[in-house]
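Enquirer: My structure is below; once you've seen it, I'll send some questions.
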Amino acid sequence: MDEKTRKERARRILDQEVSARAGRRGGYREQALRLLPWVCGSCGRDFEGSNLAELTVHHKDHDHTNNPPDGSNWELLCHWCHDNEHSRDAVADASAPAGPRRARRDDLQSPFAGLDRLLATDTDDSDS
Ligand SMILES: [Zn+2]
Ligand SMILES: [Zn+2]
């Protein structure tokens, strides 16, 4: 086959691969349901076709773009346990870092105070 045909064929294969990958990425719930038993990983409730909509895919590292095909980042959780899982994180976020967060805000302010002093010094130098 000539060069042109070979390139076109390669591009077509690449296109198919790209769209297949996009499809896989979009359907991680379907993948997870194929891969994992239909049981809530938290409360152990069983699911079947009729109430399967209540079973959701939780990302263990909370990164929805991290979807390894072996399912290692997925956990099937029912609606309620999934809500719990995330509200627990929200509570932890809101309560724990009150101290560190305030300290970080101070850190943000201090460089400006230092900058003022630096600028003042520079002005003094150029004036003298
Ligand atoms: Zn549950
Ligand atoms: Zn989740």
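Rule-based calculations on the coordinates, nothing more; no lab input. The structure displayed is predicted, hence computed values, not measured ones. Positions of Cβ are backbone-derived with ideal geometry, glycine not excepted, and every protein chain shown enters the neighbour counts.
Enquirer: Sort 51-62, 66-77 by packing, meaning the average of other beta carbons within 10 Å per residue, with the highest value first.
Expert: 66-77, 51-62
Enquirer: Order by neighbour count: Val91, Val39, fewest other Cβ atoms within 10 Å first, most last.
Expert: By the 10 Å Cβ count, ascending, the order reads Val91, Val39.
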